[in-house]
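Student: One structure coming up, written as structure tokens, with questions to follow.
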Amino acid sequence: MRYKVLDTHPVGSNTAVTIRGDGADITPGCEITDEDNIHFKVLEIAKDPLNFIDHVEPTRILTIQGAFYSRRVVTDAIESRGSFFSGTGAFSALMKHLSETDSDKED
């Protein structure tokens with residue numbers, strides 16, 4: 001998914017980024033990319049206070065680790081990299097299984 005960046009503000013060494021849309025596929029701790037495919041970690045997500053007005057389009061405010069300058073936030077590139085492995089422990093289980101399989105061959 002791609003989100004248009006409406007505004008950015010530095011917050012210490014991080015950046016508050018206001019995006020257009022509900023950001024349903026963005027969660028704290030997830031990784032996003034910018035238009036140049038540079039990866040950033042999402043630290044926090046907040047609803048924009050204006051979201052409570054009926055005629056205002058939904059927006060979210062993301063706190064992103066580091067300095068973010070892009071005009072787009074991209075999440076679909078991260079999903080295709082295997083978000084399945086990141087949150088389920090499946091990657092750790094696979095690596096453990098492979099290491100056990102390799103050690104069986106050495107005996």
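The values are calculated or read from the model by the stated rules, or taken from the named source; none is laboratory data. The structure displayed is predicted, hence computed values, not measured ones. Here the Cβ is made from the backbone with ideal geometry for all residues, glycine too, and neighbour counts use every protein chain on show.
Student: If I go through region 26-37 residue by residue, how many of them are surrounded by 13 or more Cβ atoms within 10 Å (Cβ to Cβ) and part of a loop (DSSP other than H, G, I, E, B)?
Tutor: Initial filter on region 26-37 (surrounded by 13 or more Cβ atoms within 10 Å (Cβ to Cβ)): 26, 30-35.
Still in the running and part of a loop (DSSP other than H, G, I, E, B): 26, 30, 34-35.
So the answer is 4.
Student: Collect the residues in region 2-25 that are touching a residue at least 40 places away in the same chain (Cβ under 8 Å), over 9 Å from L62 (Cα atoms) and touching a Ser or Thr at 6+ places or on another chain (Cβ under 7 Å), keeping them in residue-number order.
Tutor: Result: V5, L6, T8, V11, N14, D25.
Student: Return the residues of region 3-52 that are modelled with pLDDT of 90 or more and among the basic types (K, R); say none if nothing qualifies.
Tutor: K4, R20, K41
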